[in-house]
Every structure is written in structure tokens, then in C-alpha cells.
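Structure, as C-alpha cells:
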Amino acid sequence: MKKLFPSQLESETIYMVVREHWIGLFLKIALWIFFAIILVLFNRFAQTYLPALFEGRWGQITMLFTQIYTLFLTLSLFLIFVIYYLNVQIITNIRIVDITQTGLFSHTISELHIDKIEDATSNTKGILGTIFNFGDVYIQTAGTVERFEFQNIPNPAEIEKLILDLYEKHSNFAKDSGNKH
């Protein structure tokens, strides 16, 4: 069995792996395209309308600026995809795991055992959230991290229901095992 996170147990059943809704990725790429269009328009029209920017010392500075801008555009597109792909929430029969990639070389893994859940709430805001069915899920806990937040995820009400059903099943299992002794 392929492990999705370091502390995954062999007996652990994965119910759902959740990433940010595709509309969030789309909006980030749309913003990236806007900045890419600025570079294309600058390269296309600046030489015609601002020829002094491409002569002598100013020409070298302009060339350096466009190369750095292109480098940042390439890096930012890479980061958009890496962060989208590596930010993941995993719901299993034992726990909920939140893997948050905050940069290229920095990530945080938080785990919440099902029996520590006190409440789960889903929230859908705005016209895009309603049309495309995405929103946030908040999980209230009894642990040191008071609240787990999953932001801009698809089907928040369905995920909330799954979490509460798992909690219900886990608490009933714990009660049934306690009564047998």
C-alpha cells in the first residue's frame, strides 16, 4: 500500500483526499496570465514606442529587468502548481491529516484523531462558492490546535457530514468496546 503521509498505518482506511477546489487554482493562474500578458505587451510595443529604453545603458537595464521578470513568472507558475498539489487534507478512519505546503521547502503536517473532534462546520460564501460548490470546513477540537480549517475545498457540506459520521462511528465503537469489558 502506498503511504500518503509519514505516520500512516497499514490498517488505516483512507476515505477522502481533498485539495483546494480547481476554481482557486484557476484564479491564481488567471492572475499569472495577466502578469505574463504585461510582459508580452511590453516586449511587443515598448521597442516601437519607447526606443530609448533599448539603447545603451538603459537597454542593458531593460534587458535585465525583462529577464528577471520572466524568471519570476516561471518560478511563480511552478510554485502555484507545487503548492496546489502538495496542500492536501486526508480523512481516514482514525484521523484527519492536514498537510500544508507554505513554500518550496517548508511544510506542516497536522493530525487530528477522530475522537478529539467536538464539532464540524461547513461554510459556503459568495456567488462563486455557491455556483461551483466550494467553501470552508472548520473542525472544532479538544486538542492543542483548537480549530482545523480546510479552505476553498470542494463539497464542504459532504466533507463535514463524512467527518461527523466518522466521529459518530468512532464514538459508538468506543462505547461498544467499553461496554464489553
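Only the coordinates and a few stated rules stand behind these numbers; no lab work does. Because the structure is a prediction, the values reported are computed rather than measured. Glycine gets a Cβ as well: all are built from the backbone with ideal geometry, and neighbour counts include every protein chain shown.
Can you give me the distance in nm between label points at E158 and V17, each placed 7 Å from the Cα along the Cα-to-Cβ direction?
Here the answer is 1.7 nm between the modelled labels.
Could you tell me the largest-minus-smallest coordinate of the C-alpha atoms of the chain on each of the three principal axes, in descending order and whole angstroms?
Per principal axis, max minus min of the Cα coordinates gives 87, 36, 30 Å.
Any idea how far the Cα center of the stretch 94-110 sits from the one of the stretch 21-89, in Å?
Using only Cα atoms, the two centres lie 28 Å from each other.
How do 107-118, 42-53 rank on mean C-beta neighbours within 10 Å, highest first?
107-118, 42-53
When only C-alpha pairs under 8 Å and at least 6 residues apart count, what is the relative contact order of the stretch 31-111, in percent?
On the way: 62 pairs, mean separation 14.5, N = 81.
Normalised by residue count, the contact order of the stretch 31-111 is 18 percent.
What is the gain in length, in nm to one decimal, between F45 and H113 on full extension, counting 0.36 nm per residue of separation less the C-alpha to C-alpha distance? Don't skip to the end; give the middle numbers.
On the way: separation 68, 0.36 × 68 = 24.48 nm, distance 5.80 nm.
Result for the pair: 18.7 nm of gain on full extension.
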